[in-house]
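The structure under discussion appears below in the form of structure tokens.
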Number of protein chains: 2
Amino acid sequence: MTYCVGLLVERGLVFMSDTRTNAGLDNISVVSKMKTWEVPGERFLCLLSAGNLATTQATVSLLDERKLAPAERQPSILTQPSMFQTATLIGETVKEVISGSAQGGQSADAVFSASFILGGQIKGGRPRLFMIYPEGNFIEAGRDNPFFQIGEHKYGRPIIIRTYDPEMSLEDCAKLLLVSFDSTIKSNLSVGLPIDMQFYEKDSCVKGYRRRFDQRDEYYRTISDGWSDALKSAFDALPAFER
Amino acid sequence: MTYCVGLLVERGLVFMSDTRTNAGLDNISVVSKMKTWEVPGERFLCLLSAGNLATTQATVSLLDERKLAPAERQPSILTQPSMFQTATLIGETVKEVISGSAQGGQSADAVFSASFILGGQIKGGRPRLFMIYPEGNFIEAGRDNPFFQIGEHKYGRPIIIRTYDPEMSLEDCAKLLLVSFDSTIKSNLSVGLPIDMQFYEKDSCVKGYRRRFDQRDEYYRTISDGWSDALKSAFDALPAFER
């Protein structure tokens, strides 16, 4: 599995993804699941992926036009008129990749499945966040559903539901998502460090701050250890149960 | 789905189960998933169930010997020499029920599946806790894995992992499990109120305190509202992220 979150707040977008990929429990590797594109001052896009790694990598490669020689590439993902159109292009690409894998070769549709979170902004529009399904269709985040999770989403969901606030700073989003990721990593072997994080500041239309958190990262360790203590204090502060 | 937890602490056992059962999203009902048996002073047993309701109810009915007239029943579950033997009997019964449903009729094995948590004590032994699989085999809780969850277990797992302490009082276990259940109920429609709770005090060999928490329960509401606030304070107390 995988764990990725895209979070929409008034100040912009925050993306976080783990890097564990596995073909069985005895075969794990580190692969980034976060891909960004930008035309500085004009558009910024961030794509998070979960599912079959061959499918997600093929999708990203096609979007990047890696079929062409490097000099000839003018990825159409950088020329779409809107975020909606960008999501449509990604949806079509993933659908094409999955149906290509499913035809002729091994026949196990679900095995090739993949989902994506796309966020970003194109000048003139507002920051937008989408969840793209393997069927090629997608949904958009809004005031009532301001975040998307893909992969192993259940462990880390309650803390986001309870702590999210649309007026949070991007730094507070980082803290929130690290808690959500740490809870997931502590519960499930298929999600693992390091963690990639990407900020996007509203209306900047450039790639924002990026950071990778690994086992030795001091802030990550502070959060991971500190959250257990903070939870215990929070728990102790609740009124005791009486028969 | 369902959510049930059995927790082993030094002072005894605490069981909690939700009561939602559903056949599709548009057909939900309230059914208790907690069954207890006792021979006061000699043994106490508590069985939590998740999975196909027809399977779990048939299993409990067979264990109760409901095939016989009420006057003739001497449930063999009350005469097993050990908790291990009791778990074996339950495992055999559920296996028999599932294979009975799968034979001749509709053939969808997984549809008839069910899992159980069994806890209790027989005089002379110690309190023991088992998880029983639909295949009829089972595992036992111990110092390193002191609790079992069945059903929709992911949302409520991180808080138990982080807060569990073998020296907790049964009242603190109640508080912990209510937080875990509330997080699950807030995230997943297939788990719902009311919640059943059963205490078992070590070496008592009698049924302990029992309580049902519903929407109007004052303590449940205190926990549910209070936990969001407590989490927010805990979150605020963590050091801020700096770029």
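Computed quantities for the displayed model
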{"read-out": "Residues of the stretch B:68-83 satisfying the condition of being touching a helix residue (DSSP H, G or I) at 6+ places or on another chain (Cβ under 8 Å) and either in contact (Cβ under 8 Å) with a residue 24 or more places away in the chain or more than 30 Å from residue B:202 (Cβ to Cβ) (or both)", "value": "B:75, B:77, B:80"}
{"read-out": "For residue B:30: the one exception among (1) surrounded by 14 or more Cβ atoms within 10 Å (Cβ to Cβ); (2) more than 21 Å from residue B:127 (Cβ to Cβ); (3) within 21 Å of the chain's Cα centre (by Cα)", "value": "(1)"}
{"read-out": "Qualifying residues in the stretch B:190-202 (those that are outside any strand (DSSP E or B) and aliphatic (A, V, I, L, M)) - the one nearest to residue B:25 (Cα to Cα)", "value": "B:191"}
{"read-out": "Filter result (in a loop (DSSP other than H, G, I, E, B), free of Cβ contacts under 8 Å to residues at least 12 places away in the same chain and of a type in the set (Lys, Arg)) within the stretch B:203-243", "value": "B:216, B:243"}
{"read-out": "Total residues in the stretch A:33-74, condition over 14 Å from residue A:87 (Cα atoms), assigned to a helix (DSSP H, G or I) and touching a strand residue (DSSP E or B) at 6+ places or on another chain (Cβ under 6 Å)", "value": "3"}
{"read-out": "Any hit, the stretch A:82-95, residues being over 18 Å from residue A:137 (Cβ atoms) and at pLDDT below 95", "value": "no"}
{"read-out": "Among (1) touching a Leu at 6+ places or on another chain (Cβ under 7 Å); (2) of a type outside the set (Ser, Thr, Tyr); (3) within 10 Å of chain A (Cβ to nearest Cβ), the one test that residue B:215 misses", "value": "(3)"}
{"read-out": "Restricting the stretch B:196-206 to residues that are of a type outside the set (A, V, I, L, M, F, W, C) and surrounded by fewer than 18 Cβ atoms within 10 Å (Cβ to Cβ), the residue that is farthest from the other protein chains (Cβ to nearest Cβ)", "value": "B:203"}
{"read-out": "Pairs with Cβ under 7 Å, 6+ apart, first in the stretch A:178-190 and without any contact (Cβ under 8 Å) to a residue 40 or more places away in the chain, second among the basic types (Lys, Arg) and assigned to a helix (DSSP H, G or I)", "value": "A:187/B:157"}
{"read-out": "Search result, residues across the stretch A:158-195 that are surrounded by fewer than 19 Cβ atoms within 10 Å (Cβ to Cβ) and among the acidic types (Asp, Glu)", "value": "A:165, A:167, A:171"}
{"read-out": "Given (1) of a type outside the set (Ser, Thr, Tyr); (2) in contact (Cβ under 8 Å) with a residue 12 or more places away in the chain; (3) in contact with a strand residue (DSSP E or B) (Cβ under 6 Å, 6 or more places away or on another chain), index of the condition residue B:167 fails", "value": "(3)"}
{"read-out": "Failed condition for residue A:243, given (1) among the basic types (Lys, Arg); (2) under 24 Å from residue B:172 (Cα atoms); (3) surrounded by 14 or more Cβ atoms within 10 Å (Cβ to Cβ)", "value": "(3)"}
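The values are calculated or read from the model by the stated rules, or taken from the named source; none is laboratory data. Model, not experiment: these values are computed from the prediction. Glycine also receives a Cβ, built like all others from the backbone with ideal geometry; neighbour counts cover every protein chain displayed.
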